[in-house]
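Asker: Provided herewith is a single structure, encoded as structure tokens, for subsequent inquiry.
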């Protein structure tokens, strides 16, 4: 088998705008990671960055099912004994509204240099405004 390499000039990189208002956190993150990787294109190759840019607005208004607002926890450790801190999803949406969505998408991308590069193509904003109007993003319904 021959390894396929697509030239960067052949990529058709688009900008998409997604409104997260009322959308399920996990399902939205899965769709966004799918687009960031470029799996929606005919010339997808897993070892190249061929995905699109995604702008997410209203990240503070995401929805979750069940009692995940209280039960889902995010952990942080200071490096010292007994230095673990735990935050519920509802507390994290107040402190850092974009963190839950960014964490969910980052967890669905590859855990290597390519994944870190793909994550930079994601722009998440808590409110309805974003500074990427010059890119003329296409509205994406998820």
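Read-outs throughout are calculated quantities, based only on the coordinates presented, and are distinct from any laboratory measurement. Please read all numbers here as calculations on a predicted model, not as lab measurements. All Cβ positions, even for glycine, are placed from backbone atoms using ideal geometry, and neighbour counts span all protein chains on display.
Asker: As a footprinting exposure proxy, order 12, 70, 91 by other Cβ within 10 Å, with the fewest listed first.
Answerer: 12, 70, 91
Asker: Separation between the residue 102 and residue 136 pseudo-spin-labels, each 7 Å from Cα along Cα→Cβ, expressed in nm?
Answerer: Taking the simple label geometry, residue 102 and residue 136 are separated by 3.0 nm.
Asker: Here's another thing I want to ask about it. Calculate, for residue 68 and residue 47, the FRET efficiency according to 1/(1 + (r/R0)^6) with r their C-beta to C-beta distance and R0 30 Å; round to the nearest 0.05.
Answerer: E between residue 68 and residue 47, to the nearest 0.05, is 0.30.
Asker: Tally the DSSP beta bridges in the chain and give the antiparallel ones as a percent, rounded to 5. Before the final figure, lay out the partial values.
Answerer: Working: 5 of 16 bridges.
Counting only bridges with both partners in the chain, antiparallel ones make up about 30 percent.
Asker: Given 0.36 nm per residue, what is the gain on full extension from residue 80 to residue 2 after removing their alpha carbon distance, in nm?
Answerer: My answer for the length gained is 23.1 nm.
Asker: Above 23 Å lies some portion of the pair distances; for region 13-139, what is it as a whole percent of all C-alpha pairs? Could the numbers behind the result be given before it?
Answerer: Numbers: 2944 of 8001 pairs.
In whole percent, the share of Cα-Cα pairs in region 13-139 beyond 23 Å is 37.
Asker: Here's something else I'd like to know. Going by how many other beta carbons lie within 10 Å of each one, how would you line up 106, 116, fewest first?
Answerer: Listed from fewest to most nearby Cβ atoms, that is 116, 106.
Asker: Compute the acute angle (0 to 90°) between the alpha-carbon long axis of helix 25-37 and the principal axis of greatest extent of the alpha-carbon atoms of the chain; round to the nearest 10°.
Answerer: 30
Asker: Summing -39500 (n - 2.57) over the DSSP H runs of n ≥ 4 in the chain and dividing by its residue number, what mean residue ellipticity at 222 nm do you reach, to the nearest 500 deg cm²/dmol?
Answerer: Rounded to the nearest 500, the figure is -7500 deg cm²/dmol.
Asker: Which FRET efficiency value, to the nearest 0.05, is calculated for residue 112 and residue 21 with the Förster distance at 35 angstrom and r the Cβ-Cβ distance?
Answerer: My answer for the efficiency is 0.60.
Asker: Another question about this same structure. Over the chain, what is the mean sequence separation of C-alpha contacts under 8 Å (at least six apart), divided by residue count, expressed as relative contact order in percent?
Answerer: Once normalised by length, the contact order is 34 percent.
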